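The structure under discussion appears below in the form of C-alpha coordinates.
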Amino acid sequence: MKSEIKTALVLGIIIVTGVGIMSLVFALFDEEIKPTNIPTDEISLAKIDKSSFKMAPDLVGIAHHLNTTPEELREEIKGKVVLYDIWTYSCINCVRTLPYITAWDDKYSDQGLLVIGIHSPEFEFEKNPENVQMAIDKHGINYPVVLDNNMETWKAFENRYWPRKYIADHEGYLRYDHIGEGGYQETEKIIQQLLKERDVSLGIQVASATTLVDINEFEHTMFRTPELYFGYKFAQNRNQLGNDEGFQPERTVTYSEPDNIDLHKFYLTGDWKNHEDSMELVSETGSIKLLYNAKEVNIVTDKDAELEIFLEGEPLPEQYLGTDITLGNTLTVSDPNIYNIITSEDSSSHIMEIKITGREFQIFTFTFG
(Lines give C-alpha, C1' and ligand atoms only; values in the text may rest on other atoms or scores of the structure.)
Protein backbone atom coordinates (compact mmCIF):
# COMPACT_ATOMS: atom_id res chain seq x y z
CA MET A 1 0.00 0.00 0.00
CA LYS A 2 1.39 3.38 -0.89
CA SER A 3 2.43 5.70 1.94
CA GLU A 4 -0.05 8.39 0.77
CA ILE A 5 -2.99 6.00 1.18
CA LYS A 6 -1.81 4.86 4.63
CA THR A 7 -1.53 8.48 5.74
CA ALA A 8 -5.03 9.26 4.51
CA LEU A 9 -6.52 6.27 6.35
CA VAL A 10 -4.81 7.25 9.60
CA LEU A 11 -6.04 10.81 9.32
CA GLY A 12 -9.56 9.59 8.58
CA ILE A 13 -9.56 7.35 11.66
CA ILE A 14 -8.30 10.24 13.80
CA ILE A 15 -11.01 12.60 12.47
CA VAL A 16 -13.83 10.08 13.00
CA THR A 17 -12.63 9.31 16.51
CA GLY A 18 -12.34 13.04 17.30
CA VAL A 19 -15.84 13.77 16.04
CA GLY A 20 -17.24 10.94 18.17
CA ILE A 21 -15.49 12.21 21.28
CA MET A 22 -16.68 15.80 20.69
CA SER A 23 -20.27 14.60 20.15
CA LEU A 24 -20.14 12.75 23.45
CA VAL A 25 -18.76 15.81 25.23
CA PHE A 26 -21.48 18.08 23.82
CA ALA A 27 -24.15 15.53 24.68
CA LEU A 28 -22.94 15.42 28.28
CA PHE A 29 -22.79 19.22 28.34
CA ASP A 30 -26.38 19.45 27.08
CA GLU A 31 -27.54 17.08 29.80
CA GLU A 32 -26.00 19.29 32.46
CA ILE A 33 -27.65 22.61 31.40
CA LYS A 34 -31.03 21.41 30.13
CA PRO A 35 -33.60 20.53 32.84
CA THR A 36 -34.56 16.93 32.21
CA ASN A 37 -38.13 17.40 33.45
CA ILE A 38 -39.06 20.33 31.17
CA PRO A 39 -39.61 19.81 27.43
CA THR A 40 -38.06 22.29 25.01
CA ASP A 41 -41.39 24.06 24.34
CA GLU A 42 -41.83 24.70 28.05
CA ILE A 43 -38.36 26.24 28.24
CA SER A 44 -39.49 28.73 25.60
CA LEU A 45 -42.60 29.46 27.68
CA ALA A 46 -40.44 30.27 30.68
CA LYS A 47 -38.29 32.72 28.68
CA ILE A 48 -41.01 34.98 27.20
CA ASP A 49 -39.94 38.63 26.87
CA LYS A 50 -42.62 40.61 28.72
CA SER A 51 -41.06 44.05 28.33
CA SER A 52 -43.78 45.12 25.88
CA PHE A 53 -46.71 44.11 28.12
CA LYS A 54 -48.50 46.42 30.55
CA MET A 55 -49.20 45.43 34.12
CA ALA A 56 -52.83 44.98 35.13
CA PRO A 57 -54.00 48.07 37.04
CA ASP A 58 -55.17 47.87 40.62
CA LEU A 59 -58.89 47.57 41.34
CA VAL A 60 -59.67 51.11 42.49
CA GLY A 61 -62.77 52.94 43.68
CA ILE A 62 -64.64 49.73 44.46
CA ALA A 63 -67.96 50.40 46.20
CA HIS A 64 -68.88 46.81 47.13
CA HIS A 65 -67.40 43.32 47.03
CA LEU A 66 -69.71 40.38 46.29
CA ASN A 67 -68.72 36.70 46.66
CA THR A 68 -65.54 37.92 48.39
CA THR A 69 -64.06 40.51 50.74
CA PRO A 70 -61.29 43.02 49.99
CA GLU A 71 -58.88 41.03 52.17
CA GLU A 72 -59.74 37.70 50.56
CA LEU A 73 -59.41 39.11 47.06
CA ARG A 74 -56.00 40.65 47.75
CA GLU A 75 -54.69 37.26 48.85
CA GLU A 76 -56.47 35.22 46.18
CA ILE A 77 -55.13 37.26 43.27
CA LYS A 78 -51.48 36.59 44.13
CA GLY A 79 -49.77 34.28 41.65
CA LYS A 80 -52.98 33.59 39.71
CA VAL A 81 -53.85 33.90 36.05
CA VAL A 82 -56.63 36.50 36.25
CA LEU A 83 -59.51 37.00 33.84
CA TYR A 84 -60.98 40.48 34.38
CA ASP A 85 -64.53 40.62 32.97
CA ILE A 86 -65.86 44.17 32.65
CA TRP A 87 -69.64 43.88 32.45
CA THR A 88 -72.96 45.23 33.64
CA TYR A 89 -75.97 43.06 34.33
CA SER A 90 -78.57 44.74 32.08
CA CYS A 91 -76.30 44.55 29.01
CA ILE A 92 -77.49 41.71 26.76
CA ASN A 93 -74.05 41.38 25.16
CA CYS A 94 -72.56 40.89 28.62
CA VAL A 95 -75.23 38.38 29.58
CA ARG A 96 -74.50 36.26 26.51
CA THR A 97 -70.85 35.89 27.56
CA LEU A 98 -71.61 34.75 31.12
CA PRO A 99 -72.19 31.03 30.36
CA TYR A 100 -68.65 30.83 28.99
CA ILE A 101 -67.09 32.76 31.86
CA THR A 102 -68.85 30.71 34.54
CA ALA A 103 -67.85 27.51 32.70
CA TRP A 104 -64.19 28.62 32.61
CA ASP A 105 -64.38 29.40 36.31
CA ASP A 106 -65.71 25.91 37.04
CA LYS A 107 -63.13 24.27 34.78
CA TYR A 108 -59.94 26.16 35.62
CA SER A 109 -60.30 27.70 39.09
CA ASP A 110 -58.54 24.71 40.67
CA GLN A 111 -55.71 25.03 38.11
CA GLY A 112 -54.77 28.62 38.94
CA LEU A 113 -57.38 30.77 37.16
CA LEU A 114 -59.13 33.55 39.05
CA VAL A 115 -62.10 35.26 37.42
CA ILE A 116 -62.96 38.74 38.68
CA GLY A 117 -66.18 40.36 37.48
CA ILE A 118 -65.77 44.14 37.33
CA HIS A 119 -69.34 45.42 37.35
CA SER A 120 -69.24 48.90 35.80
CA PRO A 121 -72.85 50.15 35.61
CA GLU A 122 -74.48 51.79 32.63
CA PHE A 123 -77.63 52.83 34.51
CA GLU A 124 -78.14 54.18 38.01
CA PHE A 125 -80.10 51.16 39.28
CA GLU A 126 -77.13 48.92 38.46
CA LYS A 127 -75.17 50.54 41.29
CA ASN A 128 -77.42 48.85 43.85
CA PRO A 129 -75.59 45.80 45.28
CA GLU A 130 -78.90 44.00 45.86
CA ASN A 131 -79.74 44.27 42.17
CA VAL A 132 -76.31 43.00 41.16
CA GLN A 133 -76.59 40.14 43.68
CA MET A 134 -79.90 39.20 42.06
CA ALA A 135 -78.11 38.93 38.70
CA ILE A 136 -75.25 36.96 40.25
CA ASP A 137 -77.71 34.42 41.64
CA LYS A 138 -79.65 34.25 38.36
CA HIS A 139 -76.55 33.50 36.26
CA GLY A 140 -74.82 31.18 38.73
CA ILE A 141 -71.77 33.39 39.26
CA ASN A 142 -69.52 32.05 42.02
CA TYR A 143 -66.39 34.09 41.35
CA PRO A 144 -65.66 37.50 42.96
CA VAL A 145 -67.59 40.49 41.63
CA VAL A 146 -66.58 44.05 42.48
CA LEU A 147 -68.87 47.05 41.99
CA ASP A 148 -67.04 49.76 40.08
CA ASN A 149 -69.87 52.25 40.58
CA ASN A 150 -67.83 55.37 39.81
CA MET A 151 -66.09 53.73 36.83
CA GLU A 152 -62.65 54.26 38.37
CA THR A 153 -61.38 50.77 37.55
CA TRP A 154 -62.99 51.09 34.11
CA LYS A 155 -60.84 54.19 33.57
CA ALA A 156 -57.75 52.51 35.02
CA PHE A 157 -58.07 49.87 32.29
CA GLU A 158 -58.65 52.67 29.74
CA ASN A 159 -61.82 50.85 28.73
CA ARG A 160 -64.76 52.10 26.66
CA TYR A 161 -66.81 48.95 26.00
CA TRP A 162 -69.23 46.42 27.50
CA PRO A 163 -68.33 43.60 27.75
CA ARG A 164 -64.54 43.46 27.71
CA LYS A 165 -62.23 40.70 28.87
CA TYR A 166 -58.63 41.18 29.91
CA ILE A 167 -56.40 38.29 30.98
CA ALA A 168 -53.28 38.81 33.11
CA ASP A 169 -50.63 36.15 33.59
CA HIS A 170 -49.50 34.95 37.03
CA GLU A 171 -47.00 37.83 37.24
CA GLY A 172 -49.68 40.44 36.56
CA TYR A 173 -48.85 41.26 32.93
CA LEU A 174 -51.85 41.86 30.65
CA ARG A 175 -51.53 39.27 27.90
CA TYR A 176 -54.96 39.31 26.22
CA ASP A 177 -57.77 41.72 25.48
CA HIS A 178 -61.12 41.00 23.81
CA ILE A 179 -63.99 43.41 23.17
CA GLY A 180 -67.61 42.28 22.94
CA GLU A 181 -69.05 38.83 22.38
CA GLY A 182 -67.37 35.97 20.54
CA GLY A 183 -63.78 34.78 20.41
CA TYR A 184 -64.55 32.15 23.03
CA GLN A 185 -62.25 29.41 21.72
CA GLU A 186 -59.41 31.88 21.28
CA THR A 187 -59.94 33.20 24.80
CA GLU A 188 -59.97 29.74 26.35
CA LYS A 189 -56.78 28.76 24.51
CA ILE A 190 -55.09 31.83 26.00
CA ILE A 191 -56.26 30.75 29.45
CA GLN A 192 -54.76 27.31 28.87
CA GLN A 193 -51.49 28.79 27.61
CA LEU A 194 -51.10 31.16 30.56
CA LEU A 195 -51.93 28.39 33.05
CA LYS A 196 -49.22 26.27 31.43
CA GLU A 197 -46.75 29.15 31.75
CA ARG A 198 -47.68 29.44 35.40
CA ASP A 199 -47.10 25.72 35.95
CA VAL A 200 -43.66 25.90 34.34
CA SER A 201 -42.70 28.97 36.36
CA LEU A 202 -43.82 27.42 39.66
CA GLY A 203 -42.50 23.95 38.81
CA ILE A 204 -45.95 22.42 38.97
CA GLN A 205 -46.39 19.09 37.17
CA VAL A 206 -50.03 18.79 36.04
CA ALA A 207 -51.75 17.55 32.91
CA SER A 208 -52.71 20.54 30.74
CA ALA A 209 -56.28 20.81 29.52
CA THR A 210 -56.69 20.62 25.74
CA THR A 211 -60.47 20.35 25.29
CA LEU A 212 -62.58 23.50 25.09
CA VAL A 213 -65.92 24.41 26.63
CA ASP A 214 -68.70 23.48 24.21
CA ILE A 215 -71.58 25.97 24.34
CA ASN A 216 -73.75 27.04 21.41
CA GLU A 217 -72.83 30.61 20.56
CA PHE A 218 -75.60 33.13 19.86
CA GLU A 219 -75.70 33.89 16.14
CA HIS A 220 -76.28 37.56 15.41
CA THR A 221 -78.13 38.70 12.32
CA MET A 222 -76.13 40.83 9.93
CA PHE A 223 -78.86 43.47 9.52
CA ARG A 224 -80.65 44.35 12.72
CA THR A 225 -82.03 47.38 14.50
CA PRO A 226 -79.38 49.10 16.64
CA GLU A 227 -79.83 49.57 20.38
CA LEU A 228 -82.47 52.21 21.12
CA TYR A 229 -82.01 54.48 24.15
CA PHE A 230 -84.92 56.19 25.93
CA GLY A 231 -82.88 58.63 28.03
CA TYR A 232 -82.17 61.98 26.42
CA LYS A 233 -78.52 61.92 27.50
CA PHE A 234 -77.90 58.38 26.24
CA ALA A 235 -79.77 59.02 22.97
CA GLN A 236 -77.90 62.25 22.23
CA ASN A 237 -77.03 62.58 18.51
CA ARG A 238 -78.81 59.30 17.73
CA ASN A 239 -82.26 60.57 16.60
CA GLN A 240 -84.08 57.42 17.73
CA LEU A 241 -87.32 58.94 19.07
CA GLY A 242 -89.73 59.32 16.15
CA ASN A 243 -92.47 61.48 17.75
CA ASP A 244 -92.65 65.11 16.63
CA GLU A 245 -92.56 66.17 20.29
CA GLY A 246 -89.02 64.76 20.58
CA PHE A 247 -86.89 64.62 23.72
CA GLN A 248 -87.54 67.38 26.26
CA PRO A 249 -85.09 67.01 29.16
CA GLU A 250 -86.70 66.62 32.60
CA ARG A 251 -90.14 67.58 31.31
CA THR A 252 -93.36 65.55 31.20
CA VAL A 253 -94.55 65.36 27.61
CA THR A 254 -97.83 64.13 26.14
CA TYR A 255 -96.85 62.10 23.10
CA SER A 256 -99.38 61.66 20.28
CA GLU A 257 -100.05 58.71 17.98
CA PRO A 258 -97.74 59.08 14.93
CA ASP A 259 -99.02 59.12 11.35
CA ASN A 260 -96.12 57.08 10.00
CA ILE A 261 -93.61 54.61 11.44
CA ASP A 262 -89.97 54.66 10.33
CA LEU A 263 -87.58 51.73 10.69
CA HIS A 264 -85.25 51.77 13.72
CA LYS A 265 -87.20 54.45 15.63
CA PHE A 266 -89.57 54.17 18.59
CA TYR A 267 -92.82 56.10 19.09
CA LEU A 268 -94.64 56.83 22.35
CA THR A 269 -98.23 57.58 23.31
CA GLY A 270 -99.31 58.83 26.72
CA ASP A 271 -97.63 61.10 29.25
CA TRP A 272 -93.92 60.41 29.74
CA LYS A 273 -91.32 62.19 31.84
CA ASN A 274 -87.96 62.58 30.11
CA HIS A 275 -85.02 61.46 32.27
CA GLU A 276 -81.40 61.45 31.18
CA ASP A 277 -81.26 57.62 31.22
CA SER A 278 -84.93 56.60 30.73
CA MET A 279 -88.55 57.51 30.09
CA GLU A 280 -91.05 57.29 32.96
CA LEU A 281 -94.74 56.69 32.32
CA VAL A 282 -96.70 59.37 34.20
CA SER A 283 -100.19 58.47 32.93
CA GLU A 284 -101.90 55.23 33.98
CA THR A 285 -101.43 53.73 30.52
CA GLY A 286 -99.22 54.34 27.55
CA SER A 287 -97.70 52.58 24.58
CA ILE A 288 -94.49 52.15 22.62
CA LYS A 289 -94.47 51.31 18.93
CA LEU A 290 -91.57 50.58 16.59
CA LEU A 291 -90.69 48.98 13.28
CA TYR A 292 -87.68 46.75 13.89
CA ASN A 293 -85.62 44.12 12.12
CA ALA A 294 -84.12 41.31 14.25
CA LYS A 295 -84.79 37.82 15.55
CA GLU A 296 -84.60 38.83 19.22
CA VAL A 297 -85.91 41.84 21.16
CA ASN A 298 -84.97 42.69 24.75
CA ILE A 299 -85.95 45.59 27.01
CA VAL A 300 -84.44 47.06 30.16
CA THR A 301 -87.11 48.32 32.55
CA ASP A 302 -87.86 49.22 36.16
CA LYS A 303 -90.97 49.46 38.40
CA ASP A 304 -94.12 47.33 38.41
CA ALA A 305 -96.15 47.15 35.19
CA GLU A 306 -97.96 44.83 32.81
CA LEU A 307 -96.86 44.88 29.19
CA GLU A 308 -99.01 43.46 26.38
CA ILE A 309 -96.99 42.69 23.25
CA PHE A 310 -98.47 42.88 19.74
CA LEU A 311 -97.03 42.22 16.28
CA GLU A 312 -98.80 43.80 13.30
CA GLY A 313 -101.70 44.61 15.63
CA GLU A 314 -102.24 41.00 16.74
CA PRO A 315 -101.30 39.43 20.10
CA LEU A 316 -97.74 38.10 20.02
CA PRO A 317 -97.81 34.70 18.24
CA GLU A 318 -96.49 31.67 20.09
CA GLN A 319 -93.52 31.24 17.73
CA TYR A 320 -92.27 34.71 18.75
CA LEU A 321 -92.75 34.42 22.51
CA GLY A 322 -89.76 35.72 24.45
CA THR A 323 -88.29 33.63 27.25
CA ASP A 324 -89.56 36.04 29.93
CA ILE A 325 -93.20 36.04 28.79
CA THR A 326 -95.14 33.62 30.97
CA LEU A 327 -98.79 34.33 30.22
CA GLY A 328 -100.20 34.72 26.71
CA ASN A 329 -98.74 37.86 25.20
CA THR A 330 -98.30 39.62 28.56
CA LEU A 331 -95.07 40.33 30.39
CA THR A 332 -95.15 41.35 34.05
CA VAL A 333 -92.10 43.40 35.09
CA SER A 334 -91.01 44.51 38.54
CA ASP A 335 -87.30 44.38 39.39
CA PRO A 336 -84.93 46.56 37.38
CA ASN A 337 -83.68 44.06 34.84
CA ILE A 338 -83.35 43.02 31.23
CA TYR A 339 -86.29 41.06 29.79
CA ASN A 340 -86.51 39.03 26.59
CA ILE A 341 -89.86 39.73 24.91
CA ILE A 342 -89.37 38.31 21.40
CA THR A 343 -87.37 35.31 20.20
CA SER A 344 -87.57 33.72 16.77
CA GLU A 345 -85.50 31.44 14.57
CA ASP A 346 -84.91 33.94 11.78
CA SER A 347 -84.53 37.67 11.44
CA SER A 348 -87.53 39.55 10.11
CA SER A 349 -89.16 42.98 10.15
CA HIS A 350 -92.26 43.68 12.25
CA ILE A 351 -94.26 46.53 13.69
CA MET A 352 -94.29 45.84 17.41
CA GLU A 353 -96.51 47.63 19.89
CA ILE A 354 -96.24 47.41 23.68
CA LYS A 355 -99.33 48.53 25.63
CA ILE A 356 -98.35 49.40 29.19
CA THR A 357 -100.40 49.56 32.35
CA GLY A 358 -98.52 50.89 35.36
CA ARG A 359 -97.81 54.45 36.45
CA GLU A 360 -94.10 55.14 37.18
CA PHE A 361 -92.99 52.37 34.81
CA GLN A 362 -89.56 53.18 33.41
CA ILE A 363 -87.93 51.97 30.21
CA PHE A 364 -84.23 52.44 29.51
CA THR A 365 -83.39 50.66 26.28
CA PHE A 366 -84.32 48.20 23.54
CA THR A 367 -81.63 45.78 22.38
CA PHE A 368 -81.80 43.44 19.40
CA GLY A 369 -80.17 40.23 18.24
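The values are calculated or read from the model by the stated rules, or taken from the named source; none is laboratory data. Everything quoted here is computed from the prediction, not taken from an experiment. Glycine gets a Cβ as well: all are built from the backbone with ideal geometry, and neighbour counts include every protein chain shown.
I'm trying to understand the selection: among the residues of the range 170-212, which are of a type in the set (Phe, Trp, Tyr) and surrounded by 18 or more Cβ atoms within 10 Å (Cβ to Cβ)? Show your work before the answer.
To start, the set of residues in the range 170-212 that are of a type in the set (Phe, Trp, Tyr) comprises 173, 176, 184.
Across the range 170-212, the qualifying residues are Tyr176, Tyr184.
Quick check on the range 281-296. Is at least one of its residues under 23 Å from Thr88 (Cα atoms) and either modelled with pLDDT under 95 or of a type in the set (Asp, Glu) (or both)?
Checked against the condition, which is being under 23 Å from Thr88 (Cα atoms) and either modelled with pLDDT under 95 or of a type in the set (Asp, Glu) (or both), the range 281-296 yields at least one hit.
Just one of the numbered conditions (1) under 22 Å from Phe366 (Cα atoms); (2) of a type in the set (A, V, I, L, M); (3) assigned to a loop (DSSP other than H, G, I, E, B); (4) out of contact with any Leu (no Cβ under 7 Å at 6 or more places or on another chain) is not true of Ile261; which one?
All conditions are met except number (4).
Checking the condition more than 10 Å from the chain's Cα centre (by Cα) and in contact (Cβ under 8 Å) with a residue 60 or more places away in the chain, which residue from Lys138, Lys165, Lys127, Lys189 passes? Walk me through it before giving the result.
Details: Lys138 fails: in contact (Cβ under 8 Å) with a residue 60 or more places away in the chain; Lys165 fails: more than 10 Å from the chain's Cα centre (by Cα); Lys189 fails: in contact (Cβ under 8 Å) with a residue 60 or more places away in the chain.
Every option except Lys127 fails the conditions.
All but one of (1) under 19 Å from Asn298 (Cβ atoms); (2) at pLDDT below 95 hold for Thr225; state the number of the condition that does not hold.
All conditions pass for Thr225, except number (2).
Starting from residues that are at pLDDT below 90 and surrounded by fewer than 10 Cβ atoms within 10 Å (Cβ to Cβ), keep the ones in the range 42-63 and report whichever is nearest to Glu152 (Cα to Cα).
Ser51
Quick one: Val206 ticks every box in (1) of a type outside the set (Lys, Arg); (2) under 27 Å from Arg160 (Cα atoms); (3) more than 15 Å from the chain's Cα centre (by Cα); (4) assigned to a loop (DSSP other than H, G, I, E, B) bar one, so which box is it?
Only one criterion is unmet by Val206, namely (2).
Looking at Tyr166, Tyr143, Tyr176, can you tell me which residue is within 26 Å of Phe218 (Cβ to Cβ), at pLDDT 95 or above and assigned to a loop (DSSP other than H, G, I, E, B)? Spell out the reasoning first.
Details: Tyr166 fails: assigned to a loop (DSSP other than H, G, I, E, B); Tyr176 fails: assigned to a loop (DSSP other than H, G, I, E, B).
Matching residue, one of Tyr166, Tyr143, Tyr176: Tyr143.
Consider His119 against the criteria (1) at pLDDT below 95; (2) within 26 Å of Ser278 (Cα to Cα): it satisfies all of them except one. Which criterion is unmet?
Of everything listed in (1) at pLDDT below 95; (2) within 26 Å of Ser278 (Cα to Cα), His119 misses just condition (1).
So in the range 73-89, with the set limited to residues that are in contact (Cβ under 8 Å) with a residue 60 or more places away in the chain and outside any strand (DSSP E or B), which one is surrounded by the most Cβ atoms within 10 Å (Cβ to Cβ)?
Taking the range 73-89 as the starting set, the residues that turn out to be in contact (Cβ under 8 Å) with a residue 60 or more places away in the chain are 73, 76, 79-89.
From what is left, the residues that are outside any strand (DSSP E or B) are 73, 76, 79-80, 88-89.
Details: Leu73: 17, Glu76: 16, Gly79: 14, Lys80: 20, Thr88: 22, Tyr89: 28.
So, considering only residues that are in contact (Cβ under 8 Å) with a residue 60 or more places away in the chain and outside any strand (DSSP E or B), the one surrounded by the most Cβ atoms within 10 Å (Cβ to Cβ) is Tyr89.
Condition first: under 16 Å from Ser90 (Cβ atoms) and surrounded by 21 or more Cβ atoms within 10 Å (Cβ to Cβ). Can you find one or more residues in the range 307-323 that meet it? Break it down stepwise before answering.
First, the residues of the range 307-323 that are under 16 Å from Ser90 (Cβ atoms): 322-323.
Next cut, surrounded by 21 or more Cβ atoms within 10 Å (Cβ to Cβ) only: none.
Looking through the range 307-323, none of the residues is under 16 Å from Ser90 (Cβ atoms) and surrounded by 21 or more Cβ atoms within 10 Å (Cβ to Cβ).
Quick check: anything in the range 159-171 closer than 30 Å to Gly203 by Cβ and of a type in the set (Ser, Thr, Tyr)? Before you say what the answer is, go through the steps one by one.
Our first condition is that a residue be closer than 30 Å to Gly203 by Cβ; within the range 159-171, this holds for 165-171.
Now narrow it down to the ones that are of a type in the set (Ser, Thr, Tyr): 166.
Scanning the range 159-171 turns up at least one residue that is closer than 30 Å to Gly203 by Cβ and of a type in the set (Ser, Thr, Tyr).
Where residues in the range 227-241 are without any contact (Cβ under 8 Å) to a residue 60 or more places away in the chain and in a loop (DSSP other than H, G, I, E, B), which of them is nearest to Leu268 (Cα to Cα)? Reasoning before the result, please.
Filtering the range 227-241 down to residues without any contact (Cβ under 8 Å) to a residue 60 or more places away in the chain leaves 232-233, 235-241.
Adding the requirement that they be in a loop (DSSP other than H, G, I, E, B) leaves 232-233, 235-240.
Values: Tyr232: 14, Lys233: 18, Ala235: 15, Gln236: 18, Asn237: 19, Arg238: 17, Asn239: 14, Gln240: 12 Å.
Among residues in the range 227-241 that are without any contact (Cβ under 8 Å) to a residue 60 or more places away in the chain and in a loop (DSSP other than H, G, I, E, B), the one nearest to Leu268 (Cα to Cα) is Gln240.
Please tell me if Val213 is over 24 Å from Lys303 (Cβ atoms) and part of a loop (DSSP other than H, G, I, E, B).
Working: over 24 Å from Lys303 (Cβ atoms): yes; part of a loop (DSSP other than H, G, I, E, B): yes.
When the stated conditions are applied, Val213 passes them.
If you take the residues of the range 343-365 that are within 26 Å of the chain's Cα centre (by Cα) and more than 24 Å from Ala235 (Cα to Cα), which of them is surrounded by the fewest Cβ atoms within 10 Å (Cβ to Cβ)?
Taking the range 343-365 and keeping what is within 26 Å of the chain's Cα centre (by Cα), we get 343-347, 362-365.
Now restrict to residues that are more than 24 Å from Ala235 (Cα to Cα): 343-347.
Numbers: Thr343: 17, Ser344: 16, Glu345: 8, Asp346: 6, Ser347: 19.
Taking the candidates together, the pick is Asp346.
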